[in-house]
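Asker: Below is one structure. I have some questions about it.
Coordinate-derived values only; no laboratory data. Note that the coordinates shown come from a computational prediction; the quantities given were computed from them, not determined experimentally. Reconstructed Cβ throughout: ideal geometry from the backbone, glycine too, with neighbour counts over all protein chains shown.
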Amino acid sequence: MSQKIEVSIDGSTVMVDASATVLEAALEHDLFIPHLCHHPDLEPAGVCRLCLVEVDGCLVTACNTPVTGGAEIRTDTEAVKETRLGAVELLLVNHHHGTVDCEEGDACELNRIARFVGVDETRLDRYRPPDRSLPVDTSNPFFAFDPSICVLCGICVRTCDEIVGVAAIDFVQRGFDTTIGSAPGQQWIDSDCVSCGECVARCPTGALSFTGFETPEREVTTTCTYCGCGCGIHLGVAGDRLVSARGQRENPSNEGRLCVKGRFGFTFVNSPDRLTTPLIRRNGTLEEATWDEALDLVAEKFSASRGDAFAAIASAKLTNEENYLIQKFSRAVMGTNNVDHCARLCHSPSVAGLVQSFGSGAMTSSSKDIGDARCIFAIGTNTTAAHPIIGLQVMRSIRAGGKLIVVNPREIELARYADLYIQNRAGSDVALLMGMMRVIVDEGLHDPEFIEARCENFEAFRDSLGQYDEATVEEKTGVPFAQIAEAARMYAQNSPAAILYAMGITQHTHGTDNVLATSNLALLTGNVGLPSGGLNPLRGQSNVQGACDMGALPNVYPGYQNVAIPEVKAKFEQAWGVELDDVPGLTHLEILRGVTAGPIRAIYLVGENPALSEADATHAREAMEKVDFLVVQDIFLTESAEYADVVLPAASFAEKDGTFTNTERRVQRVRKAIPPVGDSRDDAWITCAIARRMGEEGFDFESAEEVMEEIASLTPSYGGITHDRIEQVGLQWPCPEASHPGTRYLHAETFPRPGGRGRFFPLKYRPPDEEPDAEYPLVLTTERSLYHYHTATMTRRVPGLETLRSEELVEIHPRDAVALAIASGDRVRVTSRRGEVEAHALVTEVSPPGTICMTFHFHEAPTNVLTNAAYDPVAKIPETKVCAVRVERA
Amino acid sequence: MATTNLGPVLSAFERRPESLIPLLQSVQESLGYLPPDVLGTVARHARVPRSRVYGVASFYSQFRFNPVGRHRVAVCRGTACHVGGARFILEQLERTLEILEGQTTEDMEYSLETVACIGCCGLAPCISVNDEVSAKLTPMKVRKQFKKARK
Ligand code: SF4
Ligand code: SF4
Ligand code: FES
Ligand code: FES
């Protein structure tokens, strides 16, 4: 609790926070002091001179003057009024050429202030108005900048610098010509701007304004549908349409901030391409059908494929309630554990690996606490692109003097902020991490007390470090050992140190080993069980954490309760009133392979698009083509839906109630803002309707809330979660009972493993499955763009996002480009052992020599046709991050 | 030019924000001006955002974003010259040379800039051409002086 002191404001004595500024103190006591350049999220700047007050008889700016005990503050003296009036007048002359009551109305803070201080418009004539007129910059698809309204308060400049960390814009030119800009002759879009809109949201005058938004009739608070950051968002509604979005300040995950996808990406919901009616394939083509026809057909076919001939692929984009119902349907109705979802393709090694070492496969810390880390070790994560709001926490930590180590084969955006950037060979992470740990042990930088008190198997692990001598590590990683040693020291000597990782660690044939290497590192230095340290797998999709928690996995029920354990099976048999199977089901890849080489005859594919997302996508397409009966449930007719026998139109995130669990384990509400588009239905309704038509019981839920009650009753870590409790703020699991406050960080006292200790794992380096050779001399690695999401079925239906990034680009290093006579913009053909893809080249030093990089967002250039489906033996994740290719001009 | 090798210039400076201004000066000395794509290179070297480089460079009149001509014409805008009508001198020069302040003629003969007091206040208004001062100017005199040269 901060200390309070006594001050007098306009004659009345009040108690205020000792660390407050005069302005904050006054505002806290509901006393308005005009202010323009102050923003609560930013450090004080003191440039607009409007917040003048007298403190003990001296004129000062309130926003950057700290309160002192006993101070006498006056906001209404003649001196204050007169000086302030002059300052307001001068600003007004430069704003809209001196009109009070401009069209911005109350949205313009300067307007409100002008009325508050009582500006007499006729008095403005004595000033010479600025003689310049600069054009409005409309280069960004989502917002515009009008320099003639700008009063140079600098809130945008400071937002972009202090909060976003990008510093795309600054004050440029001098004197009267001063404006906001980035480089000579450049427009906003040409700057480093990432289009997050944070500056626009804070602009007090309307000089920066959103172009696509309309004024909403009402707002509905929900959770962003895109990435695993899980930002709280207020969706604006007019009629039945979404018209605006803004960040929810009270949400601890994002504190009001949003990225470009969250803020502007909601318009796919209004897209005319939405599926609005069920479709049934008749004589080879998909034709419109009624729900009765579609459900009857699905129920009939599914009834004929019970048991292991059936498989469901659920989705990390669905709510917890919906995932729960799909796995329950597969297990209880269809009698099989063949249920999996796209987490198989992204974080299955985190689940598999961390369960072995820590006992729980989730992010240990809270997003917000990452910003307080003294050191961040970001390996295999392009945080600012894939998890932008957690990226802001990285920026916060750097600003506070924390160290940043970035390990990535690609020189990603974060590398520019790093104290140490290591460009290792794709797929060499085990060697790199074990090399670091060797240095830590050799130099005695490990934490013997923590290891002694809380870990096991240390000796075996330590012995395995012997294989990682300097020469071997350098050879495998391609990194000078000195850099690795420096990383080791920096990580070990700055506590708390947080590890962040994502798909660069997991999408390998040795993904589980990679994960175990990171958990070894965290254990070795005692960086587990503290708020701002830990090991943090950044989960990709809005509800990938939840889909795993809900048991949309072939080997576990909700809450990671193993299907093979008899007591667990008995518990679910009793709850669901059916007999259950104790044999783990097939994984994502195995399901699709099971069509050609196994028992699979019917697939229920919900909210997933393997035609683009699956490694070796050609095989996935063949399987979907061949399977006897494919039901696709989605909001758009995806590339995969084109193979369907029945297409069921689903409601989007804005059209239903439920919960998402974000990457920091926070279970948050998803709320219905508008009715389902056309004849679409929410996924829970659809799954229940199929089950009921098959004559089954246990699918009569009135609401998502009721489903959550059943989830809580069967899932210990969700035991205390109800929709009521998370009405305002979400709860972080484990939250075992109704009075439990949720868990901010994991493993504070013990690890949820038998014996309660964290386990070290000796590890052997294994190279990627496919390495470059004479025929395929380059490595292809894959990435994501900030502007698109997954297979881009949603984001490519947002015109502005499509403007910002509209096509696949093959990123290639200048050295390789010269050797192949390729220039930026040339059309190139990329060929692997599995297929070929064409796209334009982008010559850039971001990709290291010998490695090219592509995303997987664009159906015109389906990158996963190239990738290798060889998989990790434990987690069965395919090696999407490394395969061998050849590039030539097309 | 993306091809300009700034390596030797850059390497004389430490890679930190404090190097920014001396670095810009040194780059300008070697290239004569600051081409737009060099700003990114300088930003990376000094570890500051690109926008900061432009913000700083455009704040100080000593930095130019256009190549300079063989004759650098500098119009004084100090107090005495301002009062003496520097504005009209500048306007006349812009008309005669057919360029705006901060620009260079196509034949690279003249560039035009403004500076603060050049220390000849008694002779205001004045300009300097490659450090040689012309004093007590009027728009007419300016026109004559440069019309001839332009022909
Ligand atoms: S939109 Fe975001 S990145 Fe772009 S200038 Fe504004 S704050 Fe900076
Ligand atoms: S960071 Fe992720 S959750 Fe937050 S607004 Fe962006 S996409 Fe949505
Ligand atoms: S709010 Fe204090 S100077 Fe602008
Ligand atoms: S003001 Fe021009 S020389 Fe001094």
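Asker: In terms of the Cα gyration tensor, with a ≥ b ≥ c the square roots of its eigenvalues, is region B:3-59 rounded because a/c is under 1.5, prolate because a/b exceeds b/c, or oblate?
Answerer: Numbers: a/c = 1.42, a/b = 1.11, b/c = 1.28.
The shape class here is rounded.
Asker: OK, next. When a footprinting reagent is the concern and you count Cβ atoms within 10 Å, what order do A:Thr68, A:Thr225 take, fewest first? Please report the intermediate quantities before stating the final value.
Answerer: Working: A:Thr68 12, A:Thr225 24.
Taking fewest neighbouring Cβ atoms as first place, the list is A:Thr68, A:Thr225.
Asker: Okay, next question. Measure nothing but the geometry: give the 0 to 90° angle between the long axis through the Cα atoms of A:348-357 and the longest principal axis through the Cα atoms of chain A, rounded to 10°.
Answerer: The two axes meet at around 90 degrees.
Asker: Now for a different question. For the cross-link pairs A:Lys261/A:Lys672; A:Lys569/A:Lys656; A:Lys571/A:Lys626, which exceed 29 Å when the distance is taken from alpha carbon to alpha carbon?
Answerer: Numbers: A:Lys261/A:Lys672 19 Å; A:Lys569/A:Lys656 31 Å; A:Lys571/A:Lys626 37 Å.
Where the Cα-Cα span goes over 29 Å, the pairs concerned are A:Lys569/A:Lys656; A:Lys571/A:Lys626.
Asker: Give me the percent of DSSP beta bridges within chain B that run antiparallel, rounded to the nearest 5. Can you show the working numbers first?
Answerer: Details: 7 of 13 bridges.
Within chain B, antiparallel bridges account for around 55 percent of the total.
Asker: Sort out for me the Cα centre separation of region A:758-788 from region A:303-364, rounded to whole Å.
Answerer: For region A:758-788 versus region A:303-364, the Cα centre distance is 25 Å.
Asker: Another question, if that's okay. What is the order of A:Leu589, A:Leu59, A:Leu325, B:Leu10, fewest Cβ neighbours within 10 Å to most? Present the calculation step by step, with values, prior to reporting the outcome.
Answerer: On the way: A:Leu589 23, A:Leu59 14, A:Leu325 30, B:Leu10 18.
Listing A:Leu589, A:Leu59, A:Leu325, B:Leu10 from fewest to most nearby Cβ atoms yields A:Leu59, B:Leu10, A:Leu589, A:Leu325.
Asker: Apply the Kirkwood formula to region B:71-150: the hydrodynamic radius equals the inverse of the mean of 1/r over all pairs of different alpha-carbon atoms; give it in Å with one decimal.
Answerer: On the way: mean 1/r = 0.0825 Å⁻¹.
In region B:71-150 this quantity evaluates to 12.1 Å.
Asker: Still on this model: Treating only the Cβ atoms of Lys and Arg (+1) and Asp and Glu (-1) as charged, compute the dipole magnitude of the protein assembly as shown about its Cα centre; round to the nearest 20 debye. Let's see the in-between values first.
Answerer: On the way: 99 positive and 138 negative charges, 628 e Å.
Here the protein assembly as shown has a charge dipole of around 3020 debye.
Asker: Return a whole-number percent for the relative contact order of region B:3-59, with Cα pairs under 8 Å and 6 or more residues apart as the contact set. Walk me through the intermediate numbers first.
Answerer: Details: 46 pairs, mean separation 20.6, N = 57.
Once normalised by length, the contact order is 36 percent.
Asker: Per residue of B:43-54, count partner chain C-beta atoms within 10 Å of its C-beta, then hand back the mean as an integer.
Answerer: Counting other chains' Cβ atoms within 10 Å and averaging over B:43-54 gives 6.
Asker: Going by amide H atoms built from the backbone, whose H comes under 5 Å of the H on B:Val115, apart from near neighbours?
Answerer: B:Val75, B:Cys76, B:Arg77
Asker: Just want the answer: with Cβ charges of +1 for Lys and Arg and -1 for Asp and Glu, which residue in A:Leu465, A:Cys548, A:Gly361 is farthest toward the dipole's positive end in the protein assembly as shown?
Answerer: A:Leu465
Asker: Normalised radius of gyration for chain A, please: alpha carbon Rg relative to 2.2 N^0.38 Å, two decimal places.
Answerer: Details: Rg = 28.7 Å, N = 890, 2.2 N^0.38 = 29.1 Å.
Here the Cα radius of gyration is 0.99 times the empirical estimate.
Asker: What's the FRET efficiency of A:Tyr127 with A:Asp679 using the Cβ-Cβ distance as r and R₀ = 60 Å, to the nearest 0.05?
Answerer: On the way: r = 62 Å, r/R0 = 1.03.
Efficiency at R0 = 60 Å is approximately 0.45.
Asker: Under the rule of -39500 (n - 2.57) per DSSP H run of 4 or more residues, summed and divided by the residues of chain A, what mean residue ellipticity at 222 nm is obtained, to the nearest 500 deg cm²/dmol?
Answerer: Numbers: 28 runs with 241 residues, N = 890.
Rounded to the nearest 500, the figure is -7500 deg cm²/dmol.
Asker: Of the options B:Val9, B:Pro22, B:Val53, report the single residue whose Cα projects farthest towards the positive end of the charge dipole of region B:3-59 (beta-carbon charges: Lys, Arg +1; Asp, Glu -1).
Answerer: Farthest along the dipole direction, towards plus: B:Val53.
Asker: When the Kirkwood hydrodynamic radius is evaluated over all pairs of different C-alpha atoms of region B:27-109, what value in angstrom, to one decimal, is obtained?
Answerer: Values: mean 1/r = 0.0693 Å⁻¹.
About 14.4 Å for region B:27-109.
Asker: Here is a follow-up. Restricting to region B:71-150, compute how many DSSP beta bridges are antiparallel as a %, nearest 5.
Answerer: Of all bridge pairs located within region B:71-150, approximately 55 percent are antiparallel.
Asker: Moving on. List the lysines whose Cα lies under 18 Å from the Cα of A:Lys764, skipping any in the same chain that are fewer than 8 positions away.
Answerer: A:Lys476
Asker: Treating cross-link reach as a plain straight distance, find the lysines whose alpha-carbon is under 22 Å from the alpha-carbon of A:Lys403, omitting any fewer than eight places away in the same chain.
Answerer: Hits, sequence-local ones excluded: A:Lys368.
Asker: Something else: Below 19 Å, Cα to Cα, which lysines can B:Lys144 reach? Residues fewer than 8 away in the same chain don't count.
Answerer: Excluding near neighbours in sequence, the set is B:Lys136.
Asker: What's the magnitude of the charge dipole for region B:3-59 around its Cα centre, counting Lys and Arg as +1 and Asp and Glu as -1 at the beta-carbon? Answer in Debye, nearest 20. Provide the component values of the computation, followed by the final result.
Answerer: Values: 6 positive and 4 negative charges, 50 e Å.
Roughly 240 debye for region B:3-59.
Asker: May I ask for the angle, rounded to the nearest 10°, between helix A:617-626 and the longest principal axis of chain A, with both axes built from Cα atoms and the value confined to 0 to 90°?
Answerer: Long axis of A:617-626 versus the principal axis of chain A: about 60 degrees.
Asker: Run the numbers on chain B and let me know its relative contact order in percent, using alpha-carbon pairs under 8 Å that are six or more apart. Can you show the working numbers first?
Answerer: Values: 231 pairs, mean separation 30.2, N = 151.
Averaging sequence separation for qualifying contacts and normalising by length gives 20 percent for chain B.
Asker: Follow-up. Given charges of +1 on the Cβ of Lys and Arg and -1 on the Cβ of Asp and Glu, with all other atoms neutral, how large is the dipole of region A:641-768 about its Cα centre, in debye to the nearest 20?
Answerer: Details: 16 positive and 20 negative charges, 234 e Å.
Around 1120 debye, computed over region A:641-768.
Asker: Relative contact order of chain A: what whole-number percent is it, with Cα pairs under 8 angstrom and at least 6 residues apart? Walk me through the intermediate numbers first.
Answerer: Values: 2084 pairs, mean separation 115.5, N = 890.
That works out to 13 percent.
Asker: What does the structure give for B:69-81 when I average, per residue, the other chain Cβ atoms found within 10 Å of the residue Cβ? Let's see the in-between values first.
Answerer: On the way: counts 0, 0, 0, 0, 0, 0, 0, 0, 0, 0, 0, 0, 0.
Across the residues of B:69-81, the mean count of other-chain Cβ atoms within 10 Å is 0.
Asker: Something else now. Could you give the angle, 0 to 90 degrees to the nearest 10, between helix A:588-597's Cα long axis and the longest principal axis of the Cα atoms of chain A?
Answerer: Value to nearest ten degrees: 30.
Asker: Starting with the fewest neighbours, write out A:Phe302, A:Phe481 ranked by other beta-carbon atoms found within 10 Å of each beta-carbon.
Answerer: Details: A:Phe302 23, A:Phe481 17.
Final ranking by Cβ density, sparse to dense: A:Phe481, A:Phe302.
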